[in-house]
Structures are given as structure tokens and as C-alpha cells.
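Participant: My questions will all concern the structure given below.
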Amino acid sequence: MAMQPPNDERIERLARRRAGMKMGWYIHASVYVIVNLMLMAIAFANGRMWAVYPALGWGVGLAIHGFVVFVVAGSGLQDSLVERERRKLRDQQGPW
């Protein structure tokens, strides 16, 4: 069973979903930069270096978020996995 070519409605839905995911990452990255600049300003004004730790921890989360958005979702991997599951479910239903 070959994959069906996507229709315009499906393409539009997918494009909006992917654009929304990317916009979510851009917002996440912007908040990361703003908050961490403020934390570093506060920390350095007091002669401390503690602000590096939240920046590193949050940076890992931001990197994972970016990987999921730009590599996993952008590659079509998720779409192919969904299509595979659809086929399995159709095959399990049988001819009735």
C-alpha cells in the first residue's frame, strides 16, 4: 500500500503545525536570552557566578526542544511513524 499524496488541506494543516512548533522554539529561545541576561546582570553585580548554572541547565532543555522541532519534526520522521501506525491499525481491522 503506497502513501497517498497529501491534499491541500493536509499540507496546510501540517505547515501550520510545523510553523507553530518553530515559533514556539523562537519564543522559548527569546525568553531564555532575556531571563539569563537579567540573572547574569544580578549575579555579576554581586560579584558571583551562580547565574551560569541556570543558563547551562535551561540551555540543555532549549537544545533538546530545538532538536525535536528542527530535526525530528522537520525531517518528516514523525509523519512516517504516524503513517506506519495507520497502516498497522488498518491491517488489524481486517476487511469488515
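The values are calculated or read from the model by the stated rules, or taken from the named source; none is laboratory data. Source: prediction; values computed, not measured. As a convention, Cβ positions derive from the backbone with ideal geometry for all residues, glycine included, and neighbour counts pool all protein chains shown.
Participant: Please identify the pairs in which a residue from segment 10-30 that is within 17 Å of E83 (Cβ to Cβ) has its Cβ atom under 7 Å from the Cβ atom of a residue that is part of a helix (DSSP H, G or I), counting only partners at least 6 apart or on another chain.
Facilitator: Pairs that qualify, where the first residue is within 17 Å of E83 (Cβ to Cβ) and the partner is part of a helix (DSSP H, G or I), are R18/A73.
Results for (1) modelled with pLDDT of 85 or more; (2) within 21 Å of M23 (Cα to Cα); (3) more than 14 Å from the chain's Cα centre (by Cα), shown as yes or no for each residue.
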{"residue": "P54", "(1), (2), (3)": "yes, no, yes"}
{"residue": "I64", "(1), (2), (3)": "yes, yes, no"}
{"residue": "Q92", "(1), (2), (3)": "no, no, yes"}
{"residue": "W96", "(1), (2), (3)": "no, no, yes"}
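Participant: Another one. When you check W58 against the structure, is it surrounded by 11 or more Cβ atoms within 10 Å (Cβ to Cβ) and part of a loop (DSSP other than H, G, I, E, B), yes or no?
Facilitator: The answer is no for W58.
Participant: Quick check on A41: is it assigned to a helix (DSSP H, G or I), exposed (fewer than 12 other Cβ atoms within 10 Å of the Cβ) and of a type in the set (A, V, I, L, M, F, W, C)?
Facilitator: So A41 fits the description; yes.
Participant: Please determine whether any residue of segment 37-46 is closer than 14 Å to G74 by Cβ and in contact with a helix residue (DSSP H, G or I) (Cβ under 8 Å, 6 or more places away or on another chain).
Facilitator: There is no residue in segment 37-46 that is closer than 14 Å to G74 by Cβ and in contact with a helix residue (DSSP H, G or I) (Cβ under 8 Å, 6 or more places away or on another chain).
Participant: Please verify whether segment 64-80 includes one or more residues that are in contact (Cβ under 8 Å) with a residue 12 or more places away in the chain, part of a helix (DSSP H, G or I) and farther than 26 Å from L14 by Cβ.
Facilitator: No; the residues of segment 64-80 include none that is in contact (Cβ under 8 Å) with a residue 12 or more places away in the chain, part of a helix (DSSP H, G or I) and farther than 26 Å from L14 by Cβ.
Participant: Determine whether segment 21-31 contains at least one residue that is surrounded by 13 or more Cβ atoms within 10 Å (Cβ to Cβ), of a type outside the set (F, W, Y) and modelled with pLDDT of 95 or more.
Facilitator: yes
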